[in-house]
1. Taking the Cα centroid of segment 269-337 and of segment 216-244, what is the distance between the two, rounded to the nearest whole Å?
2. Set the Förster distance to 22 Å, then compute FRET efficiency between Ala129 and Glu187 from the Cβ-Cβ distance, nearest 0.05.
3. Check the straight Cα-Cα distances from Lys278 and name the lysines below 29 Å, setting aside those fewer than 8 residues away within the same chain.
4. Treat every Asp and Glu Cβ in the chain as -1 and every Lys and Arg Cβ as +1, leave all other atoms uncharged, and give the resulting dipole magnitude about the Cα centre to the nearest 20 debye.
5. If the reach is capped at under 20 angstrom between alpha carbons, list the lysines near Lys83, excluding any in the same chain fewer than eight residues apart.
6. Measure of size requested: the Rg and Dmax of segment 275-338, with Cα atoms as the atom set and Å as the unit; please supply both.
7. Working out 0.36 nm times the residue gap between Thr307 and Ala323, then minus their Cα-Cα distance, what length gain in nm do you get to one decimal?
8. Sort Cys271, Cys196, Cys159 by Cβ crowding within 10 Å, fewest neighbours at the top.
Amino acid sequence: MKRRDLLKATGGAAVAGMISGAPALLGCRQEAAPSGPAPAAPKNKRQRVLDLLGEGPAPGYVPAGFFIHFPPEEHVGQAAIDKHVEFFRATDMDFVKIQYEAGFPPHPEIEKPEDWAKLPVPGKEFYEAQVGVVEGLVKELKAEALVVCTLYSPFMLACESMGPERVVAHIEADPEAVRKGLETVTESVLTFVRECARVGVDGFYASTQGGEAGRFTRPELFHECIKPSDLVIQNEINDTTLFNILHVCDYHLPYDDLAPFREYPGDVVNCSLHVGEKTLTPRDASELFGRAFMGGLERKGIIVDGTPEQIRGEVERVLAQAADRHILGADCTLPGDIDWKRIRTAITAAHEFGVPA
Ligand SMILES: [Zn+2]
């Protein structure tokens, strides 16, 4: 049995049981007792989000999740763990989403495409502080909610390391040299993924960039150079962890075609609904990808500047156009200075959607 199948069969309990201090049984998709059906227990957030992945009747509950970057002094250690717990409790969101703040080592010496062959591979010690945050949050919250860590693609980490202009220029000049270099970054990301899995993470919020409209002079460069490393990572996480969200990130540039991402795995997809000249409904996006969609709100829209009534109205408008299996969220990370009460208002509206007054 594959690790992921084992996790699915036990709702993650197989991993939780290995973590000191975490409950061995998390109550998801447990087998009924041989003598008859187990008494119905109130569902926790873990179960409610996992219900979205099932093939049974639609869950009738809309989970929600939003995220922000915390200040640098809350990027690592107990301060980071505490801040994520505080945010999870204050917003009442339905899963724990850990911000990845480790970055990637800067490499000013990579001046031309052939230099990518010299790129060193950061090992697990590089990720130690970030994995410590993941481990702390697994211990603190995994019993009640899925714990998901942000994962940037090898291309995104290379851009962070060298600057996007240089990476794009190198790809334009010699895509094969950079594709090989990205294999080195991929190896390092896999180390991080495996360390997170070792400490019990439920999955990843896995971002991709590079396929946006106008990123390259030839769109095929995304397919030739970036997509292969994306798929290595996406396949690894989806084979080995329980719950993964594919994030097609439009933070830098918009998209005019989402078709290249339909073959990416992932239990849920999260992206902007603006594609070229068109605006999809959440239901369209869910049908396009053939899975649950997360999103609907704009990260710089009503959630940032609307009144509570307007936020509730926007959530209801979005959810009226969503498929039965939907997670309310935004198209990317919200501004760091947003009042958390606004997020709570949106999440409460999602939880109350469709429930008779
Ligand atoms: Zn994004």
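Bear in mind that the values in this text are calculations on the coordinates, not laboratory data. Worth saying up front: this structure is predicted, and the values here are computed from it rather than measured. No Cβ is skipped: glycine too gets one built from the backbone with ideal geometry, and neighbour counts run over all protein chains shown.
1. Rounded to whole Å, the Cα centres lie 24 Å apart.
2. On the way: r = 20 Å, r/R0 = 0.91.
Given R0 = 22 Å and the Cβ-Cβ separation, E is 0.65.
3. Straight-line reach from Lys278, under 29 Å: Lys227, Lys300.
4. Values: 37 positive and 53 negative charges, 238 e Å.
My answer is approximately 1140 debye.
5. Lys45, Lys97, Lys139, Lys142, Lys341
6. 12.1, 34
7. So the chain would gain 3.2 nm between Thr307 and Ala323.
8. Ordered from fewest to most neighbouring Cβ atoms within 10 Å, Cys271, Cys196, Cys159 come out as Cys159, Cys271, Cys196.
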